[in-house]
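Written out below as structure tokens is the structure these notes cover.
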Amino acid sequence: MASTLISPIVDYYNDEEELDSVDDDDDRSFRERDSEEDTEDASELELAKHDEEDYVEIKEQMYQDKLASLKRQLQQLQEGTLQEYQKRMKKLDQQYKERLRNAELFLHLETEQVERNYIKEKKAAVKEFDDENCVGMWISGDSLIFVLLK
């Protein structure tokens, strides 16, 4: 009987050792999981850092490209070869020519109107002097000289 009593105690201690062994295994697997998670976190952090560096690099490249494009456009503008500048200048030139043509037409029309008014007034003056018994009239250049005798 004594041996049966010892046996459960030994079994108890053996079970406890097994439990310790299981706990040790759990601790190791937990630590391994923690280590794996830390590695994953570190690699994710590294990837995020790498992505951010790529983003900054791409953004910097885009900035440099835009700056180069603007400098090229400025150079073309100064040389007068920029297409947008040429289009606008052509449009302004067309507007200038149209306005100049309109101004010339207006001047021509105004000149004709003044000449017609001059001729009308000249005829009216001649008629008025003829009606008032004007005796003589001489033409001297562009002017009329009237001599009135009453």
Among the residues of the range 56-87 satisfying the criterion of being loosely packed, with under 10 Cβ neighbours inside 10 Å and assigned to a helix (DSSP H, G or I), which is farthest from the chain's Cα centre (by Cα)? E79
So for the range 88-102 (the condition being of a type in the set (S, T, Y), part of a helix (DSSP H, G or I) and open to solvent by 100 Å² or more (accessible area, probe 1.4 Å)), does at least one residue qualify? yes
Where N117 falls short, out of the listed (1) open to solvent by 90 Å² or more (accessible area, probe 1.4 Å); (2) at pLDDT 75 or above: (1)
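The values are calculated or read from the model by the stated rules, or taken from the named source; none is laboratory data. Being a predicted model, the structure only gives us computed values, none of them experimental. We place every Cβ from the backbone using ideal geometry, glycine too, and count neighbours over all the protein chains shown. Surface areas here come from the heavy atoms of the whole protein model, side chains and all, with no ligands, DNA or RNA. Shrake-Rupley method; radii C 1.70, N 1.55, O 1.52, S 1.80 Å.
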